[in-house]
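The values are calculated or read from the model by the stated rules, or taken from the named source; none is laboratory data. Keep in mind the model is a prediction, meaning the values are calculated, not measured. Positions of Cβ are backbone-derived with ideal geometry, glycine not excepted, and every protein chain shown enters the neighbour counts.
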Amino acid sequence: MKRLIAGLAVASAATFVTAVPAQAQVAPKNPLTAVKKQLVAGKGVKFTERTTVEDPVARMVFIRRTGTIGFRKNGVAASDITGKFNIKASDLGEDDSDLAKAMLSPERTIWLGKTSYLSGGIWSALLPEDKTWFKLPNGPTGGITGGYGQLLNVAEPATLKAMLKNAKAARGGYSGKITVSQARKVSPWFRATVLRDKFPAKVLKTEISWRLSVDAKGLPTRLVTTFPFGITNGTPKKSEMVSVDTRYTGWGTKVSIKAPTDSDASSKPKEGSEETLDNLDILNGAKTGMLGG
């Protein structure tokens, strides 16, 4: 299974939530109201996250991430996320390419709405030697690992509202399902995480199951989503499932997320790696301005 995980990780660069019957006599507080009160510029929330993949044979941790989400009035302004594939050198087998080796190290993404800054991970293999950040207009929220991170952002009122529309109260929170089409329509975070201009019809109809836990104030403390592996590249497989477990802490924390200096960033890859960058399937929707400077 470890070898399978390594293969999935490299492939992603190159190309069950069970509802719990409500038992509490008092329904949990409405998280939408609680979250809206937190959306103040200069404030944010922190999270830790674990993504697992499961097939008929085994279940393994695929990615671990930590990060901070910064707010603006009525929404999300920025994020700073570090993610790492759960693989080691021996899991790569005979693949000793620089790109594969780069997957062993963490990647960090600073996302400022319209621009992403990416460092570490595969980006270390693509950057000019004197640069530490890759600047990407219309880039992803979480780099390569983000494509298999949390697709739903509960700090977005429109997203949370859509999730709760047909949700059921569960012990300590709520549970429900939302289709890729619905999430894509209401969520800027989803669109910036899954950078695809078009989705096959079968992907748009695919459901993301979720369960949200909230505290006494109604603020989200945990979100677990489950969906078929392959949503991000347009080839979902029900035999391979992804489960993303996100824990939230520090709602209302003071947050300052800034772009790296221009001297540390490059908008173009090092000479000879242009084709590799252009072939990164997860950047599908960003390719229009990716190499234009």
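Computed quantities for the displayed model
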{"item": "Test result for residue 121, surrounded by 16 or more Cβ atoms within 10 Å (Cβ to Cβ) and more than 21 Å from residue 197 (Cα to Cα)", "result": "yes"}
{"item": "Any hit, region 184-196, residues being farther than 16 Å from residue 32 by Cβ, in contact with an Asp or Glu (Cβ under 7 Å, 6 or more places away or on another chain) and polar (S, T, N, Q)", "result": "no"}
{"item": "Tally, over region 191-234, of residues that are closer than 21 Å to residue 141 by Cβ and part of a helix (DSSP H, G or I)", "result": "5"}
{"item": "Qualifying residue in region 158-177 (condition: more than 21 Å from residue 248 (Cβ to Cβ), of a type outside the set (A, V, I, L, M, F, W, C), touching a Leu at 6+ places or on another chain (Cβ under 9 Å) and surrounded by fewer than 23 Cβ atoms within 10 Å (Cβ to Cβ))", "result": "no"}
{"item": "Residue 63 being among the aliphatic types (A, V, I, L, M), under 30 Å from residue 250 (Cβ atoms) and assigned to a strand (DSSP E or B)", "result": "yes"}
{"item": "Yes/no for residue 286 being at pLDDT 90 or above and small (Gly, Ala, Ser)", "result": "no"}
{"item": "Pairs with Cβ under 8 Å, 6+ apart, first in region 243-272 and over 30 Å from residue 58 (Cα atoms), second of a type in the set (A, V, I, L, M, F, W, C) and surrounded by fewer than 18 Cβ atoms within 10 Å (Cβ to Cβ)", "result": "252/40; 257/112; 259/112; 265/259; 268/291"}
{"item": "Matching residues, region 35-62, being aliphatic (A, V, I, L, M), surrounded by 18 or more Cβ atoms within 10 Å (Cβ to Cβ) and at pLDDT 95 or above", "result": "35, 39, 45"}
{"item": "Residue in region 235-270 that is surrounded by the fewest Cβ atoms within 10 Å (Cβ to Cβ), counting only those that are of a type in the set (S, T, N, Q), assigned to a loop (DSSP other than H, G, I, E, B) and modelled with pLDDT under 90", "result": "235"}
{"item": "Test: residue in region 204-215 that is at positive phi and surrounded by fewer than 22 Cβ atoms within 10 Å (Cβ to Cβ)", "result": "no"}
{"item": "Condition met for residue 218 (more than 22 Å from residue 113 (Cβ to Cβ) and surrounded by 17 or more Cβ atoms within 10 Å (Cβ to Cβ))", "result": "no"}
{"item": "Helices (runs of 4 or more DSSP H) lying entirely in region 82-190 (those with 3 or more residues that are over 16 Å from the mean Cα position of the chain (by Cα))", "result": "98-102, 123-126, 157-164, 180-186"}
